[in-house]
Structure formats: structure tokens, C-alpha cells
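**Student:** Sending over a structure as C-alpha cells; questions will come in a sec.
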Amino acid sequence: MTAGHAGWSAAAGRPFRATAPDGTTHELVLSRVSDVTGSAGWVSYALSFTAAPDAQVGQQTYALTGPGIAEDVFLVPSGRSDDALTLDAVFTDRDEETP
């Protein structure tokens, strides 16, 4: 069970700890939660996290813990600037409101 769009939205701007399977930890900030989009009985949304610009956070599943959320999330590095490393996650779930 995921935190859902509402749970992630409530945590936007807050810090998270990402723990890799080997026990390595990284400090992230949930920088953006996209709007929900839907089609054919499915809903999707994306999360963007930022880490320090020199962080060595690779593509894999991390145990994320933050304000009211503790779940495993597959993160993909999507960009690096002088200010931050950006990582993204995309969720797609059945639309509970569609029969």
C-alpha cells in the first residue's frame, strides 16, 4: 500500500532518508509531486526528489522514510546541476473511482 497522491502531496518540501539495500543512506527532499492524470481506469503521478549535487544515488529501490511515510520506492536519477541531483519516481494505480 502506497502513501497515495494525498500522502505524498502532504509531504512535499520535506526531508526523506533513502536507504539502499546495502544499508547506504542518502538525505533527499521531496521537491515536487505532480498532478494526478488518469486514463482507462488508471491514475498516474510522479515524484521528484533532490539530493546534494555530489550525491552518488543510483537507480534502484530505496526504503524511503519521511513525515508519515515509510515505503520502498524505485528511484531513477534524472538530472544533475550545480545545485542538486534530481531523482524521479512514477506511480500508476487502478483508479478506485472507476468501476
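**Student:** Here are some residues: Val57, Val90. Which one is assigned to a loop (DSSP other than H, G, I, E, B), touching a strand residue (DSSP E or B) at 6+ places or on another chain (Cβ under 7 Å), in contact (Cβ under 8 Å) with a residue 24 or more places away in the chain and at negative phi?
**Tutor:** Val57
**Student:** Next question, about the same structure. Test Ala51 against the criterion of being at pLDDT 95 or above, out of contact with any strand residue (DSSP E or B) (no Cβ under 7 Å at 6 or more places or on another chain) and surrounded by 13 or more Cβ atoms within 10 Å (Cβ to Cβ), and give yes or no.
**Tutor:** Against the criterion (at pLDDT 95 or above, out of contact with any strand residue (DSSP E or B) (no Cβ under 7 Å at 6 or more places or on another chain) and surrounded by 13 or more Cβ atoms within 10 Å (Cβ to Cβ)), Ala51 does not qualify.
**Student:** If you scan the stretch 5-31, which residues turn out to be free of Cβ contacts under 8 Å to residues at least 40 places away in the same chain and either in a loop (DSSP other than H, G, I, E, B) or more than 14 Å from Leu75 (Cα to Cα) (or both)?
**Tutor:** Answer for the stretch 5-31, where residues must be free of Cβ contacts under 8 Å to residues at least 40 places away in the same chain and either in a loop (DSSP other than H, G, I, E, B) or more than 14 Å from Leu75 (Cα to Cα) (or both): Ala6, Ser9, Ala12, Gly13, Asp22, Gly23, Thr24.
**Student:** Here is a further query. Can you tell me which residues in the stretch 32-48 are part of a strand (DSSP E or B), surrounded by 12 or more Cβ atoms within 10 Å (Cβ to Cβ) and free of Cβ contacts under 8 Å to residues at least 40 places away in the same chain?
**Tutor:** Hits for the stretch 32-48 are Arg32, Val33.
The values are calculated or read from the model by the stated rules, or taken from the named source; none is laboratory data. This structure is a prediction, so every number in the text was calculated from the model and none was measured. Using ideal geometry, Cβ is built from the backbone for each residue, glycine included, and neighbour counts are taken over all protein chains shown.
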